[in-house]
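Data block below; observations after.
Since every read-out is calculated from the coordinates, none of them should be taken as a lab result. This is a predicted model, so every value here is computed, not measured. For neighbour counting, all protein chains shown are included, and Cβ atoms are generated from backbone atoms with ideal geometry for every residue, glycine included.
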Amino acid sequence: MKKGNPIALLPIGVFLVLYLGLGILFEYGLKIPMGFYNIPIVVAFLAALLVACVQNRSLSFDDKLVLMGKGVGDKNIIIMILIFMTAGIFVGVVGRSSAESVAYCLLSLIPARYAVAVLFVVACFVSLAMGTSVGTITLITPIALAVAGASDFSVPLCVASVMGGAMFGDNLSFISDTTIAACNGQGCRMKDKFRANFAIAFPAALVSLVIILVISMGQASTPIQQDYSLIQIIPYLLVLVGGIIGVNVFLVLLIGIVSGSIIMLATGATAATDLLANMGSGAANMFETTMVAILVSAICALIREYGGFDALLSGIKKVFKGRKGGQLGMGLLVGAMDIATANNTVAIVMANPIAREMARDYGISPRKTASLLDTFACVFQGIIPYGAQMLVALSAAHELGYELSAFQVIPNLFYPFLLLVSSLLFIFVFPERKADRT
């Protein structure tokens with residue numbers, strides 16, 4: 001490892017100061033709703049890139065452009081961008097009605113007294129199929145509030161159950177941008193990351209479900225009756241099953257897009273004239289995430305050349321010793337990025353190059369590294385009061401006439417806290433076997 005240069009990390013500091021500082025000002029100073037998400041994150045990263053370009057005067061600007069081009073042109077970055085686009089098209093094709101069918105189907109099959117537990121399971125399944133926690137929360141929170149309104153179930157418990165389930169699926173889904181970013185950033189197959197991740201996430205989800213059942217049992221509830229279409233669930237099932245058995249992710253998404261298009265047209269859920277527009281809007285929704293991936297790749301290429309990552313790794317090694325300490329260091333690194341950015345995908349993209357070098361130095365497998373990044377980002381994103389997940393849930397509640405605060409919801413967020421406990425157990429008590437480190 002060459003000599004580190006801490007000043008090379010200045011672009012990251014500039015980004016964090018701009019983004020976090022403006023976010024706090026907008027959210028808490030100016031009281032702007034969704035204040036953190038009114039900040040153009042691409043502009044903040046462009047400012048950081050400008051700082052990176054000004055540094056390291058031993059290189060000409062043309063040489064820096066070459067370095068940035070190599071960073072952006074990395075195979076894993078290209079694959080990541082293509083998957084982002086394809087996943088966006090899939091979500092655009094199937095739309096909200098298919099996800100609603102999944103939710104109402106499961107709610108109709110279970111006795112009403114288990115409704116809160118069903119909300120958690122529904123959110124798990126829908127987010128696993130859709131690949132988005134925010135989309136799942138947007139979709140299921142009104143249903144959760146209807147359940148609470150028709151029963152004695154606590155509103156914070158119902159909303160928190162949806163949020164916990166949404167984070168479970170977002171953490172594991174094959175078409176989630178966090179999974180795509182973590183796997184391609186570390187160069188591992190999605191099914192390998194899924195298996196490593198599932199072993200950590202499933203016990204946390206199971207214990208969360210038990211706690212929700214214990215709290216909610218015995219309370220009265222009225223069944224939620226709503227029409228749904230079973231056939232519209234098929235595209236989600238095809239994507240989910242294909243991903244689990246290890247079919248190529250592009251082929252899986254293509255199957256989902258084709259089957260979804262046929263079903264949505266055949267059932268009349270989407271007009272033929274709207275289908276292409278929906279595909280375009282789905283891909284366009286991935287624009288910001290794609291641009292972040294490109295800009296971060298360019299910034300990291302310059303930081304690495306100037307010795308920033310070497311300085312950071314040197315500092316981490318002084319604090320965290322051995323493989324177990326290295327894994328904890330990775331988790332805290334991506335957690336700190338998430339607290340600063342309030343975006344788990346951005347946090348993973350930023351942490352990826354540093355974590356990749358840490359994995360090599362500490363002897364941690366790519367699948368384990370990808371799993372740690374996605375899991376710890378999920379933990380922190382799931383509980384911060386200014387994250388998109390929390391803000392969307394509160395906004396939906398307020399629109400429907402419920403007075404609800406983040407600090408009422410957080411104590412009921414069993415899954416993110418249990419996921420943290422499970423992650424620490426799999427670092428310190430049940431470490432990765434030597435045979436799985438390749």
Which stretch or stretches of the stretch 367-399 have amide N atoms under 20 Å from the point lying 7 Å from V207's Cα along the Cα→Cβ direction? 371-384
Averaging over all projection directions, find the projected area of the Cα convex hull of the stretch 105-160 and quote it in nm² with one decimal place. 3.5 nm²
Taking only the alpha carbons of the stretch 1-81, the radius of gyration and the largest Cα-Cα distance, Dmax, both in angstrom, are 16.1, 46
Length released on extending from A277 to M291, taking residue separation times 0.36 nm less the Cα-Cα span: 2.9 nm
As a check on your grasp of the helix formula, calculate [θ] at 222 nm for the chain: sum -39500 (n - 2.57) over DSSP H runs of n ≥ 4, divide by the residue count, round to the nearest 500. -25000 deg cm²/dmol
Limiting things to C-alpha atoms, what are the Rg and the maximum Cα-Cα separation (Dmax) for the stretch 286-438, in angstroms? 17.3, 55
Do the alpha carbons of any pairs in K70/K321; K321/K368; K317/K368; K70/K368; K70/K193 sit beyond 22 Å of each other, and which pairs? K70/K321; K70/K368; K70/K193
Return the tail of the calculated pair distribution for the stretch 365-435, meaning the percent of Cα-Cα pairs more than 17 Å apart. 53 percent
Rounded FRET efficiency, nearest 0.05, which uses the C-beta distance separating S108 from L50 and R0 of 60 Å: 0.65
Candidates T178, T290, T270; GNM for the chain (alpha-carbon contacts under 10 Å) flags as most fluctuating T270
Taking only Cα atoms and a 10 Å spring cutoff, compute GNM fluctuations for the chain and point out the largest among I110, I339, I383. I110
Could you work out how far helix 308-319 tilts from the main Cα principal axis of the chain, as a 0 to 90 degree angle to the nearest 10? 70 degrees
Would you work out which of L65, L372, F430 lies farthest towards the positive end of the dipole of the chain? Charges go on Cβ: Lys and Arg +1, Asp and Glu -1. F430
Picking from F168, F414, F287, which is most flexible by a Gaussian network model of the chain using Cα springs under 10 Å? F287
With +1 on each Lys and Arg Cβ and -1 on each Asp and Glu Cβ, how big is the dipole of the chain about its Cα centre, in debye rounded to the nearest 20? 1680 debye
Could you give the length gained on full extension between V17 and I231, defined as 0.36 nm per residue of separation minus the Cα-Cα distance, in nm? 72.2 nm
In whole Å and largest first, what semi-axes does the C-alpha gyration tensor of the chain yield when each eigenvalue is scaled by 5 and square-rooted? 36, 24, 22
Return the sequence-ordered ³J(HN,Hα) values of the stretch 197-211 in whole Hz as given by the Karplus equation 6.51 cos²θ - 1.76 cosθ + 1.60 applied to θ = phi - 60°, using x for Gly and Pro. 6, 5, 4, 7, 6, 4, x, 5, 5, 5, 5, 4, 4, 4, 4
³J(HN,Hα) across the stretch 39-46 via Karplus (A = 6.51, B = -1.76, C = 1.60, θ = phi - 60°), whole Hz, x for Gly/Pro? 8, x, 4, 5, 5, 4, 5, 5
So what J values fall out for the stretch 254-261 if you push phi through Karplus, 6.51 cos²θ - 1.76 cosθ + 1.60 with θ = phi - 60°, rounded to Hz, Gly and Pro as x? 5, 4, x, 5, 5, 5, x, 4
Computed over the stretch 53-209, the distribution of all Cα-Cα distances in 5 Å bins, rounded to whole %, is 2, 9, 15, 16, 14, 12, 9, 7, 5, 4, 3, 2, 1, 0
Quick one: dipole size for the stretch 18-83, taken about the Cα centre, charges +1 on Lys/Arg Cβ and -1 on Asp/Glu Cβ, in debye to the nearest 20. 20 debye
